[in-house]
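A short worksheet on the structure shown next.
The values are calculated or read from the model by the stated rules, or taken from the named source; none is laboratory data. From a predicted model like this one, the values you see are computed outputs, not experimental measurements. Here the Cβ positions follow ideal geometry from the backbone for every residue, glycine too, while neighbour counts run over all protein chains shown.
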Amino acid sequence: MAFYRITYNEKYNFATLHNWGCTFRCPYCSYKLRSGAEGKPGFSTPKPERFLSVEEQKSVLKKLAPAKVFFMGGEPTVASELEEMLCFAKNELGAETKLGHTNGSRLPLPFLDGANVGFKAWSDDLHLQITGRPKQLIYDNFQKAFDSGMTMAANMVYIPRFVGLDELEGCVRFIASISPEIPFHIDGYIPVPGQPYCRPTDEEMTAAEQLVKSYLVNVKSSHLTSEQALDLSARDDRFRVKIAAGV
């Protein structure tokens, strides 16, 4: 088991199951902003003291009766009970199901309506350097998930002089070949302690947006400071949630 918390947003009527752990080892992962892990490889957010049983998860969701059930991470597909919970949310609650973010390593999945895939790089060597895993599986899985009828979205962290415009262009060119209407979000790099990379300038973000918009129709971006990233609820009411179970 890996889900340790369930949150609920009353305004938008969605519940989110939060998991611990990841199959990638990205050193600049924004989760490290809370963990104090100094950008070390691996998923270094402290391990929760306990995880929620499947029975607890189902009981809480029955009481909430959300219209949508999201699964977040870490990487939500590491949870052994994910497929059971997807089936429960879809068939017993009648809810829409979505991976709020995923690295795409286990797509598509039964009873899953949509997923937001975080691409890390276009170049094979750079993807392996960042994640410790080969690139092709992720790109192939994205294509398979779209072809299966899932509602897909994508994002990439833009880090000038590391994951730069060439990496961004390769990724969005691939996505555009599937459908130019797939939503894409450019995440301006949020500085992680212990990492040598710089946050993009406003001008660099503008250049990235112009590049992506030359391929895709639905493009958004964020350019947060570390302080802003630690308080997302102040900027977006979708993050104003209450804890329904766990800590």
Test: residue in the range 144-164 that is in a helix (DSSP H, G or I) and closer than 16 Å to Phe24 by Cβ: no
Residue list for the range 116-166, filter: farther than 18 Å from Ile178 by Cβ, free of Cβ contacts under 8 Å to residues at least 12 places away in the same chain and not hydrophobic (A, V, I, L, M, F, W, C): Asp125, His127, Gln129, Pro134, Gly164
Evaluation of Asp113 against (1) in contact (Cβ under 8 Å) with a residue 12 or more places away in the chain; (2) over 21 Å from Ala79 (Cβ atoms); (3) surrounded by fewer than 21 Cβ atoms within 10 Å (Cβ to Cβ) (one fails), failing number: (2)
Test set (1) among the hydrophobic types (A, V, I, L, M, F, W, C); (2) outside any helix (DSSP H, G or I); (3) farther than 30 Å from Leu52 by Cα - Ile243 fails condition number: (3)
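Can you tell me which residue among Leu99, Leu33, Leu17, Leu61 is modelled with pLDDT of 95 or more and either of a type in the set (Asp, Glu) or not in a strand (DSSP E or B) (or both)? Steps first, please.
Working: Leu99 fails: either of a type in the set (Asp, Glu) or not in a strand (DSSP E or B) (or both); Leu33 fails: modelled with pLDDT of 95 or more; Leu17 fails: either of a type in the set (Asp, Glu) or not in a strand (DSSP E or B) (or both).
Exactly one residue qualifies, and that residue is Leu61.
Against the definition (surrounded by 18 or more Cβ atoms within 10 Å (Cβ to Cβ) and within 16 Å of the chain's Cα centre (by Cα)), how does Ala208 come out, yes or no? Full working, then the answer.
On the way: surrounded by 18 or more Cβ atoms within 10 Å (Cβ to Cβ): yes; within 16 Å of the chain's Cα centre (by Cα): no.
It is false that Ala208 is surrounded by 18 or more Cβ atoms within 10 Å (Cβ to Cβ) and within 16 Å of the chain's Cα centre (by Cα).
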Residues being surrounded by fewer than 17 Cβ atoms within 10 Å (Cβ to Cβ) and either of a type in the set (Asp, Glu) or touching a helix residue (DSSP H, G or I) at 6+ places or on another chain (Cβ under 8 Å) (or both) - total across the range 144-169: 4
Qualifying residue in the range 64-75 (condition: within 14 Å of Ala245 (Cβ to Cβ), modelled with pLDDT of 85 or more and over 20 Å from the mean Cα position of the chain (by Cα)): yes
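What residue, among those in the range 167-226 that are part of a helix (DSSP H, G or I) and among the charged types (D, E, K, R), is nearest to Ala115 (Cα to Cα)?
Our first condition is that a residue be part of a helix (DSSP H, G or I); within the range 167-226, this holds for 167-178, 202-213, 226.
Right, trim to among the charged types (D, E, K, R) and you get 167, 169, 173, 202-204, 209, 213.
Working: Glu167: 21, Glu169: 21, Arg173: 19, Asp202: 29, Glu203: 30, Glu204: 28, Glu209: 22, Lys213: 21 Å.
Ranking the qualifying residues of the range 167-226, first place goes to Arg173.
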Single unsatisfied condition, Thr201 versus (1) touching a helix residue (DSSP H, G or I) at 6+ places or on another chain (Cβ under 6 Å); (2) surrounded by fewer than 13 Cβ atoms within 10 Å (Cβ to Cβ): (1)
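To keep it simple, each residue is scored yes or no on (1) surrounded by 15 or more Cβ atoms within 10 Å (Cβ to Cβ); (2) part of a helix (DSSP H, G or I); (3) modelled with pLDDT of 95 or more.
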residue: Gly94; (1), (2), (3): no, no, yes
residue: Pro108; (1), (2), (3): yes, no, yes
residue: Val117; (1), (2), (3): yes, no, yes
residue: Tyr139; (1), (2), (3): yes, yes, yes
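Looking only at the range 215-235, which residues are hydroxyl-bearing (Ser, Thr, Tyr), more than 16 Å from the chain's Cα centre (by Cα) and either under 15 Å from Cys171 (Cβ atoms) or at pLDDT 95 or above (or both)?
The first filter runs over the range 215-235 and keeps only residues hydroxyl-bearing (Ser, Thr, Tyr), leaving 215, 221-222, 225-226, 233.
Narrowing the set further to residues that are more than 16 Å from the chain's Cα centre (by Cα) leaves 215, 225-226, 233.
Result: Tyr215, single match.
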